[in-house]
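Presented below is the structure to which this report refers.
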Amino acid sequence: MQRHAVLVAVWKEKLTYNQSVNAAETVVRLTTGQEWPFAIALAPNPFSYVEVAKITSSTHIQVCSQNVLWHPEAGSYIGETTTEMLREIGCDYVIVGHSERRLHFVESNDMIASRALAAISAGIRPILCIGDTADDRAAGRSLETITAQLRAFFDRIPDQVGETDFLIAYEPVWAISTWRIEQPLPSGQEVQELHAHIRELIVEIKDRNYATRVSLLYGGSVAPENAEEYMAMTDVDGALVGGASKVPERFVETLVAARSGFQKRRVNV
Ligand code: PGA
């Protein structure tokens, strides 16, 4: 069964407006006219959303927001971005629950689920990030953390939310380039096992039919050097690419390596 596959360039706050515009133009130029077995999306800083959306609007490149406000029924929320704003620019995805939001902005599982639900209601697909920290790993509670994050999300989403209305990204915090601790990155096989475990959890919460169709992305220092290995895994449906996407040529190299991985997977399946 074919799942939605996507690789997202996550620029965080690292690129300025001018840099984002240049990077978006370069990614469009270098990827046009080629076949990609996955969607390609750019997640610029909010300051650059509009211009990046204009550059990509009539191309194959999609746009991903770095944040979204839950439904603002009561009160006002300075600094936030609403689903209405995102719909105006034709936004395709929004990242929620990223480890940096969980840590620096103290976002709870509940708040994250609310953001995801707002996006789903507006027809924008949230990419729910889940992942264990270095401390979780050292204490042997990685699976516990991931399970709690996943269950908190499924506890909140109504039954009518379909399995293709959202994506999940497993991002071990200790493997993200900015937090990287002195140990090797997980191998493709280790990521595959974790993703298979996440899928089994979804089977328990929903059912196998549903779980089989949920897209599971991977994130954590994905780069040209390892994208092929990760994307060759049958339960890895794409990636969030942070550090390696800051230079657009390097992001495109990552896409090329990922494409080789997807091609190998097709042969293996
Ligand atoms: P990284 O970031 O690729 O630099 O590790 C990924 C992320 O933060 O989503």
* Taking into account only those residues within the stretch 248-269 that are touching a residue at least 24 places away in the same chain (Cβ under 8 Å) and β-branched (Val, Ile, Thr), which is surrounded by the fewest Cβ atoms within 10 Å (Cβ to Cβ)? -> Val269
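Residue-wise test of (1) in contact (Cβ under 8 Å) with a residue 12 or more places away in the chain; (2) more than 27 Å from Glu13 (Cβ to Cβ).
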{"site": "Val106", "(1), (2)": "no, no"}
{"site": "Arg115", "(1), (2)": "yes, no"}
{"site": "Ser142", "(1), (2)": "yes, yes"}
{"site": "Arg151", "(1), (2)": "yes, yes"}
{"site": "Glu171", "(1), (2)": "yes, no"}
{"site": "Ala175", "(1), (2)": "yes, no"}
* Taking the stretch 1-26 as the search range and keeping residues that are β-branched (Val, Ile, Thr) and in contact with a strand residue (DSSP E or B) (Cβ under 7 Å, 6 or more places away or on another chain), which one is nearest to the ligand (Cβ to nearest atom)? -> Val10
* helices (runs of 4 or more DSSP H) wholly inside the stretch 74-122 that include at least 1 residues being among the β-branched types (Val, Ile, Thr) -> 83-88, 109-121
* Structure fact -> Of the residues in the stretch 231-244 that are over 20 Å from Leu150 (Cβ atoms) and surrounded by 20 or more Cβ atoms within 10 Å (Cβ to Cβ), the one that is nearest to the ligand (Cβ to nearest atom) is Gly242
* Could you tell me whether Glu73 is out of contact with any helix residue (DSSP H, G or I) (no Cβ under 9 Å at 6 or more places or on another chain), charged (D, E, K, R) and exposed (fewer than 14 other Cβ atoms within 10 Å of the Cβ)? => yes
* To do: Considering only residues that are within 11 Å of the ligand (Cβ to nearest atom) and polar (S, T, N, Q), look in the stretch 211-230 and name the one that is farthest from Asp132 (Cα to Cα).
  => Asn226
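Each reported figure results from applying straightforward, stated rules to the coordinates on display, with no laboratory input. Since the model is a prediction, treat every value here as computed from it, not as a measurement. Glycine gets a Cβ as well: all are built from the backbone with ideal geometry, and neighbour counts include every protein chain shown.
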